[in-house]
Structure formats: structure tokens, C-alpha cells
Number of protein chains: 2
Amino acid sequence: MSLDIDSALQLRRNQSLTSIIRHELEQMIERGELSAGERLNENALAARLGVSRGPIREACRGLEQSGLVNVVVNRGVFIRALDGREAAELYEIRAALYGLAGRLLASIVTDEQVAILSGYVAEMDAAMAAGDLNSFYPGNLRFHEAIVEFGGNGRLAAECAAIHREMHLLRRRTLDMPGRMATSNDEHRVILERIAARDPAGAGAALEEHVLISRAALFGPLGHYPDA
Amino acid sequence: MSLDIDSALQLRRNQSLTSIIRHELEQMIERGELSAGERLNENALAARLGVSRGPIREACRGLEQSGLVNVVVNRGVFIRALDGREAAELYEIRAALYGLAGRLLASIVTDEQVAILSGYVAEMDAAMAAGDLNSFYPGNLRFHEAIVEFGGNGRLAAECAAIHREMHLLRRRTLDMPGRMATSNDEHRVILERIAARDPAGAGAALEEHVLISRAALFGPLGHYPDA
DNA sequence: CTTTTGCTGATTGTCAACAGTTTAAGATCC
DNA sequence: GGATCTTAAACTGTTGACAATCAGCAAAAG
């Protein structure tokens, strides 16, 4: 029972109003309740959350630094809008980081971890067979998260998570299009294969390509940037 | 002359006290005036800078998100201390990002850019010949900055700059050891060569290796992490 | 002598109010 | 009718004050 108390205290310890609000805003952005370009009204937010403007402002300065909002002096904070060029740049970086993750993981992966990853792929297969995009997405997410987690570079994992959060700022919300489910999972299978084979270069290349293909799919067959 | 006024207004426009203070603190960390683990006293800082605690706190929340400080509830903000493991992780990420920068640049580099990079290498050669570490360092910095800038991915450049700032949190301050000057510039020459040859894969690999060698040099011949 | 308990000063977390700027509506002029 | 100036409301930037919490020290208990 002391575990509950401990964890509760631990939570209370690291959570000021500022951090709670920042987390809440992050989730609102992730859920799409705050759309790109929208302005945050400090007074309204303060009233709605039952706190004063101080913690709100501090939370916003944190969000600014992590790229989720823009702050314009004397005008307010705006949910950042990712244009095509910025999204393309982000995908490029993401590809490089996933390539690194793949190389790292393939050189230290355990059999248990391979089994877990394999389970995610199976989940996605099932979702695909059922044509259920809503259950495909979380499997996809956990597959990618697990790869960077298992890679052992904690900072890399944090960086990938931050980039993923930032991707939600893209106006075109379909991060993975329905039509790509099948081919995407084929790519997952190749990635898994090469990780299981302890082939760092191969796994890295497969992951890198996987991300770059997503980017191409997002930007359409022509590959040009929208509104850039 | 309107340029002066404009730029002054532009500065005033985008600069609240918060952003000025954040920038000031970043520079203090970079100059080593604030050493790792040290605690920031809000009252003292506010008094010294002639402002109230509000902007100071907002600036610190920004620094927290960019990883330069740790904030502990009810105890204050502490200059973050990078232990060996975290530094190693950061070098790994940095290597991957520079690899990407090299591949990007080699595929789009202009002759003028090659000339500029070549100039930096020459500067470093001169500094090396004079045994002047103090003039080697800025050349080195500009060489690396230029590579990511010329690569055309603005976000990548920002990310590399952020990582570079964060590296200053390492307790062992010699980011590039004197003994490495000669071999380091040899590596620079190889990098430049491959960029000039429009060889993306080669340039990327050379840059990646360059960073990983720096990491190895920092951690000593044994390659183990200090205090990790 | 060691440990615990209860203060005291200092410091952080939060709030409410004031000052300056922006925005937008209304009035005025062409 | 449309454009421009005026003015007031709304909002952000900043400040100072108050409440809550923490570190350190002294006194008391074992």
C-alpha cells in the first residue's frame, strides 16, 4: 500500500500547476481540440482551469520552447501551424533519428524484445484484415515507440516523442493514410526481420526509408510541398 | 538608415523581458558563468537584472524545456549537469544529425559554399600551425555551423545548435582537446573533399565518424563513461 | 552522544492589480 | 458607399504581495 502513497506523493512532488497545465495543453493539441493558428486566451484559460494567469504563462513559455506554440509579443500565443516545408524538414530529421534507433536496437536487441515487436506487427495485421484504421494507429505508434525505447538511448526516445507531438500541428491530419496501411505493415515486417537478424545497417536503412516513404505519401505522388 | 530603426523595432518587437532574460541565461551558461548543478536564486536574479520574478520564472520554464536547467518543485531551478551517459547519448544523436546534414549538403552544395568551407579549414590550419587553440575553436564552430546551414534544412540547423548549447553543460569543459586539433582538421579536410565531390553517402559517413571520434576522444582511450 | 522535534529565515508557488499595447467598433469625412 | 480617424474595450506584460514549503539550527528527549 505504501507504493500508492509513494507514487501519489511523487506525482504531487513534481507537479506544479505549471506542469499540469503544460501537460493538459499538450494533450489538447494532440487531440486536435486546439487547431493550428488558433490563439490562446490567457484570461479565458485561467478562468476555465480555475487558476491565475501566472502558471498559464509559464506553461506557454515551455510550449514555445518545445515548438508547439508561437509567442508574439503583445499579441499572444498561437498554436503553431506547420507548413509543408517545415513538415518535410521534420520528416527528414525523424528519418535520420529512426535510422539511428534501428542501428542501435539491431545491435543489442533481446529475443523478448523481438517477440514484443512481433506482437505489435501481428496486431496491426489483424487491424488491417478487419479494415480497422482506429486500432491500426495505436499499434503503429507502440511499434515505433518500442523501437526507440529498446534502442537504449533515452534522449533519442525523448527527441522522437517530441517530434511526434510536433507532427500533430500539421494541418492535414491524416498522419498515416488508409491506403498506406498494407504497404506500411509490409515495411514493418522488413524492419522487424532485419532487427531480429541483428543487422544494424539494414535495420537502420529500412527504418529511414519507412519514414521517408510516409513523407512522400503525405505530400502526394508528386512529392511537392503543399503551401510552401 | 531606416534599417537601423527597423531592426531596432524588430528587436523590441520580438523581445519581451522574458526572452531577453532567457537569452542572457543561455549565454551565461555557454560562457560557463553558471556551472552545472548550481541553483538559480529568483530573487537575486530579479534584483540583479532589475526586473520582477515573473519574467525570470517564465524564462526558466523555457530553459527547462530546452534541457538547460532542471526545475524541482518548491526547491528551485538548477543548472543541469550532464553525466557521461547523457553526453554519450547526445553525441550519438549529434552524429546522426550531422550525417544527415552531410548527405543533404553534398547533394546541393554550390561552388561558393565549398570555397567558404575551404576558407574555414584554411583558418584552422593557420591556427594549428600557430598552436593557437583559441582561434581554432571559432573556426571549428563556424565550419560545423555552415555545414548544417548550407544543408538547407533550417530545423536541422536549429536542432544542432540546441544540442551544441546543451553540450556546454558537460562538466569536463574541453569540448575539443588540444591534442585532437591536428587529426580533427584532417577529418575536416576529408569531409570537405567529399562534399566538394558531391558524394552524399561519403560526406555523411565522414561527418558521422568525425562526431563519434570526438566522443571517443572526450571519454578517453578506454571509451567508458565517466561518472555514469 | 545521538536522534528527534520544533522553530526561524529564506525561497518558491500563486495570485490580483496596474500599465501599455492591440484590436475592433463607431463616428466622421470625402 | 467607402475610407480614414477616433475611441473604448480587450488583452498582454509586468509588478508587488501573500501563502505554502523547505533547509538549517537549536533545544529537548532517549
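Miscellaneous remarks
- Among the residues of this structure, B:GLU86 counts as one that is acidic (Asp, Glu), within 14 Å of chain A (Cβ to nearest Cβ) and under 20 Å from the mean Cα position of the chain (by Cα).
- Failed criterion for B:VAL77 (all others in (1) more than 8 Å from chain A (Cβ to nearest Cβ); (2) open to solvent by 40 Å² or more (accessible area, probe 1.4 Å) hold): (2)
- Looking across B:GLY54, B:GLY67, B:GLY50, one residue alone is within 12 Å of DNA strand D (Cβ to nearest atom), out of contact with any Phe, Trp or Tyr (no Cβ under 7 Å at 6 or more places or on another chain) and on the phi > 0 side of the Ramachandran plot. It is B:GLY50.
- Test result for B:LEU156, among the aliphatic types (A, V, I, L, M), under 17 Å from the mean Cα position of the chain (by Cα) and open to solvent by 50 Å² or more (accessible area, probe 1.4 Å): no
- First in segment B:24-42 and closer than 16 Å to B:LEU170 by Cβ and open to solvent by 30 Å² or more (accessible area, probe 1.4 Å), second anywhere and away from DNA strand C (no atom under 13 Å from the Cβ) and assigned to a loop (DSSP other than H, G, I, E, B), Cβ under 6 Å, 6 or more apart: B:GLU30/B:HIS168; B:ALA36/B:ALA81; B:ALA36/B:LEU169; B:ALA36/B:ARG171; B:GLY37/B:ALA81
- Members of segment A:56-70 that are away from DNA strand C (no atom under 13 Å from the Cβ) and β-branched (Val, Ile, Thr): A:VAL69
- Filtering segment B:132-163 to residues that are away from chain A (no Cβ under 14 Å) and touching a residue at least 60 places away in the same chain (Cβ under 8 Å) leaves only B:ILE147.
- Among all residues of segment A:175-190, there is none that is among the hydrophobic types (A, V, I, L, M, F, W, C), closer than 20 Å to B:LEU100 by Cβ and at pLDDT 90 or above.
- Those residues of segment A:52-73 which are more than 9 Å from chain B (Cβ to nearest Cβ) and either open to solvent by 30 Å² or more (accessible area, probe 1.4 Å) or of a type in the set (Asp, Glu) (or both), in sequence order: A:SER52, A:ARG53, A:ASN70
- Among the residues listed as A:ARG171, A:ARG165, A:ARG180, the single one being among the charged types (D, E, K, R) and closer than 26 Å to B:LEU90 by Cβ: A:ARG165
- Comparison of A:ILE108, A:ILE93 shows that the only residue that is of a type in the set (Val, Ile, Thr), in contact (Cβ under 8 Å) with a residue 12 or more places away in the chain and within 8 Å of another protein chain (Cβ to nearest Cβ) is A:ILE93.
- Whether a residue is open to solvent by 40 Å² or more (accessible area, probe 1.4 Å) and not polar (S, T, N, Q) was assessed, and B:ALA182 passes this test.
- On the stretch given as segment A:29-54, residues that are within 9 Å of DNA strand C (Cβ to nearest atom) and of a type in the set (Lys, Arg) total 1.
- When segment B:37-47 is limited to residues that are among the hydrophobic types (A, V, I, L, M, F, W, C) and in contact with a helix residue (DSSP H, G or I) (Cβ under 6 Å, 6 or more places away or on another chain), the one that is farthest from DNA strand D (Cβ to nearest atom) turns out to be B:LEU45.
The values are calculated or read from the model by the stated rules, or taken from the named source; none is laboratory data. Fair warning: this is a prediction, and the values are worked out from it, not measured in the lab. A quick note on method: Cβ atoms are made from the backbone with ideal geometry, for glycine too, and the neighbour counts reach across all protein chains shown. To get the accessible areas, we keep the full protein, side chains included, count just its heavy atoms, and leave off ligands, DNA and RNA. Shrake-Rupley method; radii C 1.70, N 1.55, O 1.52, S 1.80 Å.
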